[in-house]
1. Go through (1) buried (at least 19 other Cβ atoms within 10 Å of the Cβ); (2) in a loop (DSSP other than H, G, I, E, B) and name the single condition Asn225 misses.
2. Would you list the helices (runs of 4 or more DSSP H) that sit entirely within the range 50-136 and hold 3 or more residues that are at pLDDT 90 or above and within 29 Å of the chain's Cα centre (by Cα)?
3. Take Pro35 and tell me if it is in a loop (DSSP other than H, G, I, E, B) and at pLDDT 80 or above.
4. Could you tell me how many of the residues in the range 347-361 are in a loop (DSSP other than H, G, I, E, B), within 17 Å of Tyr51 (Cβ to Cβ) and hydrophobic (A, V, I, L, M, F, W, C)?
5. Report the residue count in the range 287-302 for those that are assigned to a strand (DSSP E or B) and either touching a Ser or Thr at 6+ places or on another chain (Cβ under 7 Å) or at pLDDT below 95 (or both).
6. Could you list all residues from the range 185-222 that are more than 21 Å from Arg106 (Cβ to Cβ) and of a type in the set (A, V, I, L, M)?
7. What pairs come out if I take residues in the range 46-58 that are outside the structural domain of Ile75 (by TED's automatic domain parsing) and pair them with residues that are surrounded by 15 or more Cβ atoms within 10 Å (Cβ to Cβ) and not charged (D, E, K, R) whose C-beta lies under 9 Å away, six or more apart or interchain?
8. Going residue by residue through the range 260-275, is there one that turns out to be in contact with a strand residue (DSSP E or B) (Cβ under 7 Å, 6 or more places away or on another chain), among the charged types (D, E, K, R), in a helix (DSSP H, G or I) and at pLDDT 95 or above?
Amino acid sequence: MTCQTAGGEILGIPGRIPNDGRTYLHNQRLGKVVPKHVGVSKNFLYWLFLYGAFNRHLVNSATGTKILHTAPRRIESFRFHLPPLWEQEAIAAVLGRIYDRIALLRETNATLEAIAQALFKSWFVDFDPVRAKQQGLAPAGIDEAAAALFPDSFEESALGPVPTGWKVCALDDVATYLNGLALQKFPPSGDSWLPVIKIAQLRKGDTAGADRAGRNIKPEYVVQNGDVLFSWSGSLEVEVWCGGEGALNQHLFKVTSELFPKWFYLRWTRNHLPHFRQIAASKATTMGHIQRVHLTEAKALVPPAALLSEMDAYFAPLLARSIENEQQAQTLATLRDTLLPRLISGQLRLPEAQAAMEEAA
């Protein structure tokens with residue numbers, strides 16, 4: 001890696017590059033990057049290594065078949081604009097603040113998910129409020145209106161003892177599981193297209209680099225932010241999509257319900273996910289999957305409508321805040337990916353970048 005200023009200092013980091021173009025350092029060939037010049041910021045170098053032009057340079061100059069290999073001399077041949085030290089630090093600070101904000105939003109969402117899961121387990125699996133009332137105690141952490149609607153006894157069901165008055169329903173009676181389309185049959189037309197949401201997009205949470213499909217699909221197959229998606233084949237995942245509008249590909253369910261709130265069918269689908277994964281893993285195929293019969297066999301407990309409405313006051317805000325946080329994280333990630341190449345290349349000045357960051361925050 002050669003910079004055009006700062007005395008032509010040479011920096012190198014040997015490593016490997018997978019075919020997807022991401023930089024990857026092999027543990028047996030790990031190179032430590034140390035600036036040789038006092039005018040080079042380590043923080044700036046971190047973002048330089050994420051610079052698209054640098055990674056494309058590594059991929060294009062790499063050798064190998066299954067695993068692409070780079071070498072110091074190829075890295076050293078990359079030329080880039082090196083601004084003054086103060087500007088390097090300022091660029092790194094702008095990008096670092098965006099990174100930190102994204103990390104904080106996603107850490108918050110992990111906490112929100114843990115709270116929702118713990119509450120669901122307490123009420124729908126362990127039946128803590130019912131057991132408390134059975135012992136003549138006030139349920140912990142619940143207001144009086146909600147506590148009054150929990151029963152104080154159990155009755156037998158197909159699942160064993162369940163709270164009195166609660167129903168056992170099949171998972172596919174609680175929600176509709178709409179399978180996606182073979183979207184190669186709907187090619188894009190001109191500028192009218194949608195990114196295709198496949199399992200890969202679901203796992204990474206965005207549609208960058210996705211295939212394209214035409215908009216001539218039924219509205220129910222169009223995915224919007226906040227939709228619950230369930231990949232039922234290959235890598236089984238249940239996620240609330242926040243990666244923007246897209247088209248639902250086959251091997252993905254869009255989960256909806258006209259009868260129950262989103263948090264309810266989301267939590268019950270996630271509750272059965274470990275079992276669904278076991279079923280998929282047991283398939284003697286290269287891509288394990290579940291079938292619709294497994295949705296019918298999976299059961300959900302449905303409390304009376306009045307109690308479900310009280311529960312909504314606890315669960316719905318957690319989910320709404322999580323969706324809002326993830327959408328903001330996506331906005332910031334897009335901003336970061338837009339600013340990074342322009343700042344590194346010198347096409348964008350710092351005041352403009354700082355203004356864009358403040359507007360998005």
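The values are calculated or read from the model by the stated rules, or taken from the named source; none is laboratory data. None of these values were measured; they are calculated from a predicted model. Note: ideal-geometry Cβ built from the backbone for every residue, glycine included; neighbour counts use all protein chains shown.
1. All conditions pass for Asn225, except number (1).
2. Working: elements: 52-61, 72-76, 85-120, 128-134.
Result: 85-120.
3. Values: in a loop (DSSP other than H, G, I, E, B): yes; at pLDDT 80 or above: no.
Here the answer is no, as Pro35 does not meet what is asked.
4. Residues of the range 347-361 in a loop (DSSP other than H, G, I, E, B): 347-349, 361.
When the remaining residues are screened for being within 17 Å of Tyr51 (Cβ to Cβ), the result is 347-348.
Keeping just the survivors that are hydrophobic (A, V, I, L, M, F, W, C) gives 348.
Summing the residues that are in a loop (DSSP other than H, G, I, E, B), within 17 Å of Tyr51 (Cβ to Cβ) and hydrophobic (A, V, I, L, M, F, W, C) in the range 347-361 gives 1.
5. Within the range 287-302, residues that are assigned to a strand (DSSP E or B) and either touching a Ser or Thr at 6+ places or on another chain (Cβ under 7 Å) or at pLDDT below 95 (or both) number 1.
6. Those that are more than 21 Å from Arg106 (Cβ to Cβ) and of a type in the set (A, V, I, L, M): Leu194, Val196, Ala210, Ala213, Ile217, Val222.
7. Pairs found: none.
8. First, pick out the residues of the range 260-275 that are in contact with a strand residue (DSSP E or B) (Cβ under 7 Å, 6 or more places away or on another chain): 262, 265-266, 268-270, 273.
Now restrict to residues that are among the charged types (D, E, K, R): 262, 270.
Adding the requirement that they be in a helix (DSSP H, G or I) leaves 262, 270.
Narrowing further to those that are at pLDDT 95 or above: 262, 270.
Yes, the range 260-275 contains a residue that is in contact with a strand residue (DSSP E or B) (Cβ under 7 Å, 6 or more places away or on another chain), among the charged types (D, E, K, R), in a helix (DSSP H, G or I) and at pLDDT 95 or above.
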